[in-house]
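Below: the structure, in structure tokens.
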């Protein structure tokens, strides 16, 4: 169980962070997810896709926390920006890259919740669309539609731009 | 989206695996072939990798061991959360169940109770229940006639008043409870007749009727009263008028009035001079009957100057405890032929006035009316408004020599009256039919040619329920009596009763229905044994199930005559119509029955020379005349002229019927008038309706009210049961609502605690619904709780299966109580009170002495029982004068002038001569023993006048038996006295009687006729 979580730590934390909107709740959710999985570790041998199982518990935990913690205001991602470590070494590269990442982070945050769930499960969980449909208990077509919608929105930030894009912030 | 953007979108989908394999291959080929596109794809790929970095947060691995420990340390944390889940789930399940229960509680009353279906089912059950309750109603004679068949009508109905063709089992029982007669029959249209044969009537004291139909059964028991055999005595004398010092022979024939069989009885003959005076026993007379006959003789004191002698026979064994016959006495002390003749005629008239022929009376009475007389009377006695009435009349002509000039009759006030008329030489008779109006005066006007008219007022038409019309008033006794009842008022119960004053021989009781006016034919199947004149009366009686205090009302009465089927025919051979004086005759008398077979019988023979100057009696003579008609019927004055043989009267049925319709019933004062006959008779005589109600000579019993009460109780129990079921359903529903609501409330409150306010949309409405349901249930429960105590008590009133068993139990185990209840219930009906055994016994067994001690009873008794016909005026009079039925006749009673003349006449009276030469009965031939008459101390001047005046008996055989072939020979020596002689022979025995009247003219040879005036003194001189 610990090895599974170790391998998926970044993806799980990122997913929960983008689902909940702040790092503190993301950590709590991650802990809660681990505890749930740990308590059901006896079922692990019977689970075919452990990755999908862990992501499903994480998404459900994130949903529950998002519902029960509805009163919490979503904090600005900028507050968390310093908390996100960077792997770049050079300052110029770092600045450019940070800017791009910031744009993408904003783009992800602008996704609707259901689109974001599908995108994150695909992006971070690397789940097939069938597994996503099973995890979210929605039809496969709905999963793909939500994914296309998410990509359409993200394309504005991902595609090479010929003219400078307006910074939404 | 332009092509470039579309291409970028496709490349993104290619990167994220959204494209299919074909799309992917096509796009890859395009990218490979286009350098710009490949560069752009590479750049897009790079940025998606950057996006992967953005979505993935690389932070140091957490301390999983710490999380594990925390998970292990807080291992109990999930447990409370699991218990909460379990509790939540449990609460949800319980709440769901409670909700289901709530829905069921709401739907339970609607699903379990279909009002329309229940109403139909209730109607069916009521109908079915009605068939389980049979009621039995019995009507019969309150006093059964002994020795004749008696009928009891039984009607069986269910509780819905519908006739039921039940199996009816009836048992006549003796006082000891032994079965006397048993019958089993099937009711048709709910009606059945229970008959008891003549031989068993006297033994019957109870009637038990059991009606069965399916599983239903109803019993009714009633006490019966039987009229004990009470014979009557017919008193006969050998002469119509007696002279002082003469020997008067008499006999009494004691017969059963219903069966005509002779009866044994101890009798006592008495005589007196005045009504109410001391009665002198005739010691020499027989004291008991032999072959139904007791005979004797008495010598009238020679010095006696009473105008009348009353001969009587008395016995407590007789129905008419005291029977008397008045015989006029000739006054021998009068001086002068005219005075002697006039006084004798007056005395004769005083006794036989109503029996005289009309012309004879007119000839007798100087100054008689010159106008025609008329008798008129509605059939039944009263004019009934609104229906067709038959007004019968009988008009006597003054001038009988002109029969072609029929009197003209009309009813003033009824313009369209129809006349059905017939004519006799002296009479016109017939009837009118018209519909009178209420309280309208009508007058019958009679006018004869060249004469003034007379008017006979008719009573006003009254608003009575019905009028009576009898179609065969004179008919053989084995034919049913056919009656038409013209109903004027609907919804009336009528009773038609036939019988005499003593017992009821037939009846019918019916409801006339709702249609009126209407004519309803009624047939009475009377026993053939009941013969002669009978009275048919129509009563209006209260409804059987009514609670009103209305008493039976006598609304019509009519006399009928039942021609005996069983009777003797007497033939007399050897009696010529004309004979010579002193001729010896040998009469051969033969008696045969109705089959023309010889029948032995006991004869009574009387022969006398009729008076030349006295009017002849004009009414049926002999046993038949007395027993069948004279004793019972008071014929109208205008009916004088009846044949002296009742069989001749029977031949002229139309006229006889007319006479009966105009007649009134002769009330027998020897009985207590328990049936109100006397009151009605008096009322009829006065032409007024009796305003007092009368007792019904019928016995009516019914368990209808008791059955109806039980049926109502059963219906109430049925309804109560249904209400209980409804209440039970409502109660159950209320309890379910309360319980389910309460449980739901608890569950939802618990869920609210567990789930928080965020789930208020789930548990909030449910909580409200549950709260409402619980309050509703509690309220309805509270409302139904008080009613539970009342509805619970109703089923205890009666069980559903009780009505079937209850009457049986009541009759079997507590019959006396049941009877008492029925009698108490029937108190308004006077007849029912009459039928109480004690009362009946007291009336039936009351000795004759009781009546004799009653002054009024004795007066009426004597008046009614004497030979002459009484009138209403006589009833009001007392003393000797009142006893003489001479109302309206000049010189009625004993005039003071005649009494004052008597002493003066004594000195002039001469001897009357020896009577031995007057053809007195000869001893030694079975005749009554006659003492030698004393010498007449009052000789008359003219013996011829005496001979002309006095009827002289020449033959008196009071008890003569025939041989086994019904034959007997009677030698007769005709006297020398010429004149008209009458032979009267009565025969009785074996329940049959017969009478024959024959005449013979005794006259000298024809050669002497031219010198008849001269031969008369010669005849007087002959001894």
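Every number here is computed from the coordinates shown, using simple stated rules; none is lab data. Since the model is a prediction, treat every value here as computed from it, not as a measurement. Here Cβ is always computed from backbone atoms with ideal geometry, including for glycine, and neighbour counts include all displayed protein chains.
Roughly speaking, what % of Cα-Cα pairs in the range B:10-67 are separated by over 16 Å, rounded to a whole number?
On the way: 939 of 1653 pairs.
Result for the distance tail: 57 percent.
Give me a single rounded figure for B:42-54: the average over its residues of other chain Cβ atoms within 10 Å of their Cβ.
Working: counts 1, 3, 4, 1, 3, 9, 5, 0, 7, 12, 7, 9, 14.
The shielding value for this peptide is 6.
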message: Restricted to Cα positions, what overall size does the range B:101-162 have along the principal axes? Three whole-Å values, descending.
response: 81, 15, 12
- line: Mean other chain Cβ within 10 Å across B:10-17 is 5
task: May I ask you to sort B:961, B:128 by Cβ crowding, counting other Cβ atoms within 10 Å and putting the fewest first?
output: B:128, B:961
message: At 0.36 nm per residue, and after removing the present C-alpha to C-alpha distance, how many nm does the segment from residue B:88 to residue B:203 gain when stretched out fully?
response: 32.1 nm
P(r) weight above 20 Å for the range B:75-224, C-alpha pairs, percent: 66 percent
- request: Could you sort B:626-633, B:489-496 so that the peptide with the highest average Cβ count within 10 Å comes first and the rest follow in order?
  value: B:626-633, B:489-496
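Average partner chain C-beta neighbours within 10 Å, per residue of B:102-115? All intermediate terms of the calculation are to be shown ahead of the outcome.
Details: counts 0, 0, 0, 0, 0, 0, 0, 0, 0, 0, 0, 0, 0, 0.
Shielding by partners across B:102-115 averages 0.
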Taking B:103, B:188 and counting other C-beta atoms within 10 Å, the order from fewest to most: B:188, B:103
query: Which value in Å is the Kirkwood Rh of the range B:693-743 over different Cα pairs?
result: 15.0 Å
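What's the extension gain from residue B:120 to residue B:42 if we count 0.36 nm per residue and subtract their Cα-Cα distance? The partial results should precede the final answer.
Numbers: separation 78, 0.36 × 78 = 28.08 nm, distance 9.01 nm.
Taking residue B:120 through residue B:42 to full extension adds about 19.1 nm, to one decimal.
In what sequence do B:956, B:510, B:271 fall when counting other Cβ within 10 Å, fewest first?
Values: B:956 27, B:510 17, B:271 21.
Taking fewest neighbouring Cβ atoms as first place, the list is B:510, B:271, B:956.
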message: Can you divide the C-alpha Rg of the range A:1-72 by 2.2 N^0.38 Å and report the result to two decimal places?
response: 1.06
query: Scattering from the C-alpha atoms of the range B:523-658 alone, worked out with Debye: what is log10 I(q)/I(0) at q = 0.17 1/Å?
result: -1.14
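Return an integer: the convex hull volume of the alpha-carbon atoms of the range B:140-206, in Å³ per residue. Intermediate values should be presented prior to the final figure.
Details: hull volume 6.0 nm³, N = 67.
Taking the convex hull of the Cα positions in the range B:140-206, it is 89 Å³ per residue.
First measure r as the distance between the Cβ atoms of residue B:212 and residue B:654, then evaluate 1/(1 + (r/R0)^6) with R0 = 56 Å and state the FRET efficiency to the nearest 0.05.
It comes out at approximately 0.70.
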